[in-house]
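Below is one structure, written out as structure tokens; the observations come after it.
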Amino acid sequence: MNNKQQNTKKVVVPIGPYHPLLEEPEFFALYCEGEKVVDVEWQAGYNHRGIEKLSESKHWDQVTFLVERICGICSTSHPFAYCNAIEDLLGITVPERARYIRSIIGELERLHSHLLWVGLAGHFLGYNTVFMWAWKYREPVLDIFEIITGNRNHYAMFKIGGVRRDIENEDIPKIRKVLGELKGKIEMLTGAVLDDPVLAARLKGVGVLTKEHIKNFGAVGPVARASGVDIDVRKDDPYAAYPLVEWKVITTENGDVFDKAVVRLLECFESMKIISQCLDAIEGKKGEIQAEVREVPSGEGIGRHEAPRGECFHYIRSDGTNRPTRHKIRAPSYVNIPTFKASCIGQTIADVAIILAGVDPCYCCTERVAVYDVEKKKKLHNFKYLVEKSKEKTEKIRKEI
Amino acid sequence: MSALYIFLSFVMVFLSFSICGMLAMWIDRKLTARLQFRVGPPWYQNFADFIKLIGKETLIPEKANAFMFVASPVLGLIATTIAGTIILFISRTDTGFPADAIIVLYLLAVPSIAIILGGSASGNVLAAVGISREMKLLLGYELPFICALVISAIKSGTTTSLGSIIQFQQQNGMILGSFSGVIGFIIGVLALQGKLGLVPFDLAEAEGEIAGGSLIEYSGILLGLFKLTKAILFIAGPLFLISLYLGGFSLSSITGIISGILKYILILVLFILIRNTNPRLRIDQTLRLFWGWLTLLGFAGILLAIVGW
């Protein structure tokens, strides 16, 4: 409260709810003294769609499609984690071919998501050439998706117990060819970004997160890895084909925005390595792509997947019927965004823009339960309020009876 | 030099610079688009944008100082056009006056001041951030820009009359041909990049950070006037640099006009290259560049010019 009273004296620079920096509605109030940001407040909830509640009204198979629509960019991460959760509950093993295909889809998604971030970061820095080039190079990845799944963004590849479609053997050479061309382009882009002295001046030492910060905020994914915290669900809790192929977790030490860019760009090469090994493993072979699943018994399961932005976590509880009784989702941005408290304060507005973008925030993934009144700047539906509403209604009904 | 001559040349400069400036901005947009794998707009895009802006509603925010808010775009437009008139017509040896180059230098600073006035009159927070940046930017690039003028003035026999500078170059070759000339030209191009608000010095508008900055509250015809000012500045600024370093822009013969256009395109291409190969700088980095490296370079250039290199 004391903090808030102090803040009222300072100039508030609003970033959001609608702002060119943000692809999605979100509100950051930057409390500034001149160009220097002294405090940041974050308001979420503009994009809440009640996915968890919706999930309770759909049957197990439909939920895969529902969670795919949480986010258009990590549209395979959520089904991946969800399927892992149900398979954890069922205790079944997924056929090997399906595991490879799952990893291919997951890594292709990482590839396109990281390229998308590089482009956006370029745009926020006013470097539109990088923006357009990165997005141009992202196109072939989407083309591969179209070859494999028929869609550029929502792939609908995941199914409880396996995958919905096989990767045809005659498509594999095409995929290899596109990936081969892409590798050279990404190498060029990586070189251009990492060797640019002006970019280095803009990004190095900006928005530093130490290991300590990462642990305190529980940050995940490239944000954590850029600060030297070696966490990656793919290595720490292996699933799908990740234990079967050779790759390494990229980490850097400085924790600034430049290192976040380095981690993401180098991860692109690791992803391509994984994809090509997975393609080797399935090429020219035939095999089952799904395990048979008839009923989901009562119980609970958790599933994790290393999404492009970090660990994506799904929890489901079943009572033996054909739909979940509880479905809890925690997306990586939910823990990554609050790190702005450590990285933004004391920086200039120009830097805060790129620091906020540096965690690759994905708001639609993050929005779960908060409902805010924008004008009064307060949370509307907190637990107490809901209990009061419930009591009111009970009273009303009692009178009517 | 009659008042009618001045008035007519003013109108002519206004029309021709607006049209050429918008075409130059189209070249900039088109080349940028091609560099970025995009198609780019058709040649009339900037004209269409301007005509559309005329037809749009002009909103004056409640908090704004209405007079300043409306007057500043007009102020910027008039100052830039006068600068253009002096550079192209009045600075001939027969009609020019001593120290007209200094007048042009002042007039070319007015559009930035107009943006500062207009932004501060609009009463918007983001505009406030924008104008504080524009102010620092103005202070930043003016010093190197003055150095660029001084180098040229010393090289051409210590004169600050544009006519004499051009005449000197016609007799002795372009000032760009000397060491100090190259230094002055580089400084001049970078300072103009800042004046025109092109990347890496577009921090006063910085769409990704402060959403348009100083111009955020402007709409309709007033925004159109700012765009028009920028279009005229897109011609007047490089033309000033051509007068100082590349031997001026002669309207008397066809070869003169063609060589003038080629000189202009050289500068335009430099702008576009710098703009597309750099990210936006922070304000402290910008000031360090202008007041540090470029001013030192400018002083070095002045010393070289005095020695006669």
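So here's what we get for this one:
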quantity: B:Gly173 being without any contact (Cβ under 8 Å) to a residue 24 or more places away in the chain and surrounded by fewer than 21 Cβ atoms within 10 Å (Cβ to Cβ); calculated: no
quantity: Selected residue [surrounded by fewer than 16 Cβ atoms within 10 Å (Cβ to Cβ), in contact (Cβ under 8 Å) with a residue 12 or more places away in the chain and away from chain A (no Cβ under 14 Å)] from B:Trp43, B:Trp26; calculated: B:Trp43
quantity: Odd one out for B:Leu203, checked against (1) crowded, with 23+ Cβ neighbours inside 10 Å; (2) at pLDDT 80 or above; (3) under 29 Å from B:Lys136 (Cβ atoms); calculated: (2)
quantity: Subset of the range A:145-162 [more than 19 Å from the chain's Cα centre (by Cα), farther than 16 Å from A:Glu283 by Cα, touching a residue at least 12 places away in the same chain (Cβ under 8 Å) and part of a helix (DSSP H, G or I)]; calculated: A:Thr149
quantity: Selection from the range A:189-219 of residues that are farther than 15 Å from A:Gly122 by Cα, of a type outside the set (Ser, Thr, Tyr) and surrounded by fewer than 20 Cβ atoms within 10 Å (Cβ to Cβ); calculated: A:Gly205, A:Val208, A:Lys211, A:Glu212, A:His213, A:Lys215, A:Asn216, A:Gly218
quantity: Helices (runs of 4 or more DSSP H) enclosed by the range A:163-254 - at least 1 residues per element that are of a type in the set (Asp, Glu) and on the phi > 0 side of the Ramachandran plot; calculated: none
quantity: Candidates A:Val245, A:Val229, A:Val206, A:Val262 - the one that is β-branched (Val, Ile, Thr) and farther than 26 Å from A:Ser333 by Cα; calculated: A:Val245
quantity: Unmet requirement for A:Ile274, which otherwise passes all of (1) in contact with a His (Cβ under 7 Å, 6 or more places away or on another chain); (2) among the β-branched types (Val, Ile, Thr); (3) assigned to a helix (DSSP H, G or I); calculated: (1)
quantity: Any pair with Cβ under 7 angstrom, 6 or more apart, that starts in the range B:196-219 at a residue that is at the interface with chain A (Cβ under 10 Å from one of its Cβ atoms) and touching a residue at least 24 places away in the same chain (Cβ under 8 Å) and ends at one that is of a type in the set (Asp, Glu) and in a loop (DSSP other than H, G, I, E, B); calculated: B:Gly212/B:Glu205
quantity: Some residue of the range B:85-103 being in contact with a Ser or Thr (Cβ under 6 Å, 6 or more places away or on another chain) and under 30 Å from A:Gly16 (Cα atoms); calculated: no
quantity: Residue in the range A:284-302 that is under 18 Å from A:Val163 (Cα atoms), surrounded by 19 or more Cβ atoms within 10 Å (Cβ to Cβ) and touching a helix residue (DSSP H, G or I) at 6+ places or on another chain (Cβ under 6 Å) present; calculated: yes
quantity: Residue satisfying condition, being more than 20 Å from B:Gly173 (Cβ to Cβ), modelled with pLDDT of 80 or more and out of contact with any Lys or Arg (no Cβ under 6 Å at 6 or more places or on another chain), within set B:Ile258, B:Ile254; calculated: B:Ile254
quantity: Test result for A:Val141, closer than 30 Å to A:Gln347 by Cα and either in contact with a helix residue (DSSP H, G or I) (Cβ under 6 Å, 6 or more places away or on another chain) or touching a residue at least 40 places away in the same chain (Cβ under 8 Å) (or both); calculated: no
quantity: Segments classed as helices (runs of 4 or more DSSP H), wholly inside the range A:46-109, with at least 2 members that are more than 14 Å from the chain's Cα centre (by Cα) and among the acidic types (Asp, Glu); calculated: A:77-90
quantity: Which numbered condition B:Leu35 fails, given (1) within 14 Å of another protein chain (Cβ to nearest Cβ); (2) closer than 17 Å to B:Leu225 by Cα; calculated: (2)
quantity: Residues being facing another protein chain (nearest Cβ under 9 Å), buried (at least 19 other Cβ atoms within 10 Å of the Cβ) and not hydrophobic (A, V, I, L, M, F, W, C) - total across the range A:119-154; calculated: 6
quantity: Output for the range A:280-318, where each listed residue is part of a loop (DSSP other than H, G, I, E, B) and charged (D, E, K, R); calculated: A:Glu283, A:Lys285, A:Lys286, A:Glu288, A:Glu292, A:Arg294, A:Glu295, A:Arg309
quantity: Residue satisfying all of: in the range A:319-355; in a strand (DSSP E or B) and among the polar types (S, T, N, Q); nearest to the other protein chains (Cβ to nearest Cβ) among these; calculated: A:Thr348
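The values are calculated or read from the model by the stated rules, or taken from the named source; none is laboratory data. What you are looking at is a predicted structure, and each value in this text was computed from that prediction instead of being measured. As a convention, Cβ positions derive from the backbone with ideal geometry for all residues, glycine included, and neighbour counts pool all protein chains shown.
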